[in-house]
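This report concerns only the one structure given below.
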Amino acid sequence: MTDISVIIPMFNAEDTIKACVNSVLQQTVADIEIVIVDDGSQDNSHNICQDIAEGDARVRLFRQTNQGPAAARAKGLKEAIGQWIAFVDADDRLPSSALAKLSAAATDDTDIVFGHGTSLSHEHRTQIPINDFRHMAVRGDGRIGVPWGSLFRKASLPADAFDLPTDIRVGEDYIFWLRMVFATQKPVHVLYDNVYDKGAEHISASFKWTAEYAEAFNKLRMQAIPCQLHEQYIADTLSDRITNLFDIAVAQPSKTWKQSAFYKSLLHDMQTQGITFSPLQRAFLALPSLRLRQFCSAINKSRKA
């Protein structure tokens, strides 16, 4: 049985896909397959991958109508035959020893090997109990929330891992992580080596949050957490939801988001947890116009750059 299946969702990636696939083919571990799912590309991506697949039996290529990266990963997961699953985006690359390092930590006592240990703020731990890691995942600590750069036991992945509404195009990876961490009881193994080379970000950089999107997203978040555990994780959700609110505040007029279900439920949960906005946050949210909030946000970002 193939040890690792590497799933690559692809859409219009003709400039990067060849280098991406080659970086996987050049791994120092041999027992792998590459499952490429063409999510309705309209450029030359499919032909490039077809040529690669014809020259290497480890590469399998599938095609579907455009449904987004979550649906493409779901298709790849369905077709994969490996015991372990790795995800790579079509504009990224793997260092040559990445899969060897990840697979070395893929022992019987774990279902997840997290490859971004250096992004976490905790002390150096090569193994994290699942209850601790669940809280970290709900908070979205470090790079928890992106599927790439980690390894997942296929048999432990929940059936609905990537079952999402087609209009959820940002944050879908975070929902996948929540579903995964609540589907296993085993500790998470953590690596502190570089196992992933990230390319340029495209979708999230241009995405604009709305109160409606944030409400739908938070419902998916809470559905991923077992009902009987909701109270334990409400505080963990707040930092991400507050971040969402400030993204919304520079995308929608105050009269829209202040009347939204998202904003009202956020205020309620903040009150129950004894959490308040800082004076600076309150001042920003009280700014009278959308343009003024956008201007202040841009100034703040330029100072941080």
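The values are calculated or read from the model by the stated rules, or taken from the named source; none is laboratory data. Please read all numbers here as calculations on a predicted model, not as lab measurements. Neighbour counts are summed over all protein chains in view; Cβ atoms, including those assigned to glycine, are modelled from backbone coordinates with ideal geometry.
Observations
- Residue in segment 183-203 that is of a type in the set (A, V, I, L, M, F, W, C), outside the structural domain of GLY68 (by TED's automatic domain parsing), out of contact with any Phe, Trp or Tyr (no Cβ under 9 Å at 6 or more places or on another chain) and outside any loop (DSSP other than H, G, I, E, B) present: yes
- Taken over segment 110-163, the criterion of being in a helix (DSSP H, G or I), more than 18 Å from GLY82 (Cα to Cα) and either in contact with a Lys or Arg (Cβ under 7 Å, 6 or more places away or on another chain) or not charged (D, E, K, R) (or both) is satisfied by GLY117, THR118, SER119, ILE130, ASN131, PHE133, HIS135, MET136, ALA137, VAL138.
- Any hit, segment 114-124, residues being closer than 15 Å to VAL188 by Cβ, in contact with a strand residue (DSSP E or B) (Cβ under 6 Å, 6 or more places away or on another chain) and hydroxyl-bearing (Ser, Thr, Tyr): no
- For segment 116-131, filtered to residues that are free of Cβ contacts under 8 Å to residues at least 60 places away in the same chain and under 19 Å from the mean Cα position of the chain (by Cα), the residue that is farthest from TYR233 (Cα to Cα) is SER119.
- Checking ILE225 against (1) within 18 Å of the chain's Cα centre (by Cα); (2) modelled with pLDDT of 95 or more; (3) exposed (fewer than 14 other Cβ atoms within 10 Å of the Cβ), the condition it does not meet: (3)
- Qualifying residues in segment 100-109 (those that are outside any helix (DSSP H, G or I) and in contact (Cβ under 8 Å) with a residue 40 or more places away in the chain) - the one surrounded by the fewest Cβ atoms within 10 Å (Cβ to Cβ): ASP109
- On inspection, ILE248 does not qualify as within 22 Å of ARG139 (Cβ to Cβ), surrounded by fewer than 16 Cβ atoms within 10 Å (Cβ to Cβ) and of a type in the set (Val, Ile, Thr).
- Residues being in contact with a Ser or Thr (Cβ under 9 Å, 6 or more places away or on another chain) and either buried (at least 19 other Cβ atoms within 10 Å of the Cβ) or of a type in the set (A, V, I, L, M, F, W, C) (or both) - total across segment 154-176: 2
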